Amino acid sequence: MNQKNYQKELEQILEKIGDGPDETEKAPTLFLHSCCAPCSSYVLEYLHVYFRITVFYYNPNITEQEEYRKRADEQKRFIEQLNARGEGYPIQVQEGAYEPERFLTMAKGLEQCPEGGERCFGCYALRLSETAKMAVKNGADYFTTTLTISPLKNAAKLNEIGMQLAGQYGIKWLPSDFKKKNGYKRSVELSAEYGLYRQNYCGCCFSREASERA
C-alpha cells in the first residue's frame, strides 16, 4: 500500500487558492496549531501568501512552566517580526490555556512508551482536538499543525488524526508534510536568521529525560 503524498495534496489545494494578498478577494482562513517558533517559521513563510492565518499556541505537553512561557513568548516575537516585513497576509496569534495536567492525565500508563509511540500519538490528538474546536469557534476555513515539519514526528499519523477530527467537528483539514521540499532545512535557516530559541526536546518531561540520556 503506497503512503499518501500529503505534500502533493497540499500543493493541489494551494494551486486552487492562488497566492498573493488580494484585497478584492476574500482569502481563506487557516487556524494553525504551532508547537514552537522554529517549527512555525517555514510554515508561516510558506502559507501566509495563501491564507489569513491565526497561529494557535496550545502545548500542554510542555510540562515546565518556565519553558512553556519562554517558547510562547518566542512564538509571539517571531510573528511580530515576520509581520513587520509586510509580506503576505498579516498573521494573528492566539494563545490557548496552559493545561499540563491534561497532558499528564492523558499520559498516565504510557510513561514508559518510547518517543514516537502511543504516548506521542495521544499528545497529537490532545493538541489537535483543541485546535479543531477553537478553529470552529473562530470560524476558520481550515485547520492544521506545524508538527509535520519535524523529522521526528509521524506525519501520516498526524494527518490521520487531523482528518478524523475534521469529520468530527465539520471543518476542513489542511494536509501537510512540511518537512518535504527542504522545509525542515529552511526552518533551521530561518531560526538562525531570526535568532530563534531552539530546544533539543519536544517539551514534555519524558522527552526531556530521553534527551538527557542520549
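Laboratory data are not the source of any read-out in this text; all were calculated from the coordinates shown. Treat the numbers as computed from the prediction; the structure is a model and nothing was measured. Every residue, glycine as well, gets a Cβ built from its backbone with ideal geometry; the counts of neighbours run over all protein chains shown.
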Among the listed residues Leu10, Leu14, identify the single one that is within 26 Å of Gly162 (Cα to Cα), in contact with an Asp or Glu (Cβ under 9 Å, 6 or more places away or on another chain) and touching a residue at least 12 places away in the same chain (Cβ under 8 Å). Leu10
Members of the range 96-105 that are free of Cβ contacts under 8 Å to residues at least 60 places away in the same chain and either in contact with a Pro (Cβ under 7 Å, 6 or more places away or on another chain) or among the hydroxyl-bearing types (Ser, Thr, Tyr) (or both): Tyr98, Glu99, Pro100, Arg102, Thr105
Go through the range 116-134 residue by residue and tally those that are farther than 22 Å from Phe31 by Cα and surrounded by 15 or more Cβ atoms within 10 Å (Cβ to Cβ). 1
State all residues of the range 75-89 that are crowded, with 20+ Cβ neighbours inside 10 Å and in contact with a helix residue (DSSP H, G or I) (Cβ under 7 Å, 6 or more places away or on another chain); if no residue qualifies, say none. Gln75, Phe78, Leu82
Residue hits (the range 138-152; touching a strand residue (DSSP E or B) at 6+ places or on another chain (Cβ under 9 Å) and of a type outside the set (A, V, I, L, M, F, W, C)) are Asn138, Gly139, Asp141, Tyr142, Thr144, Thr145, Thr146
Would you be able to tell me the number of residues in the range 106-157 that are under 18 Å from Ser34 (Cα atoms), among the polar types (S, T, N, Q), free of Cβ contacts under 8 Å to residues at least 60 places away in the same chain and part of a loop (DSSP other than H, G, I, E, B)? 1
Test Gln92 against the criterion of being farther than 19 Å from Ser176 by Cβ, out of contact with any Gly (no Cβ under 9 Å at 6 or more places or on another chain) and surrounded by 15 or more Cβ atoms within 10 Å (Cβ to Cβ), and give yes or no. yes
Condition check for Gly139: over 23 Å from Asn5 (Cβ atoms) and not aromatic (Phe, Trp, Tyr): yes
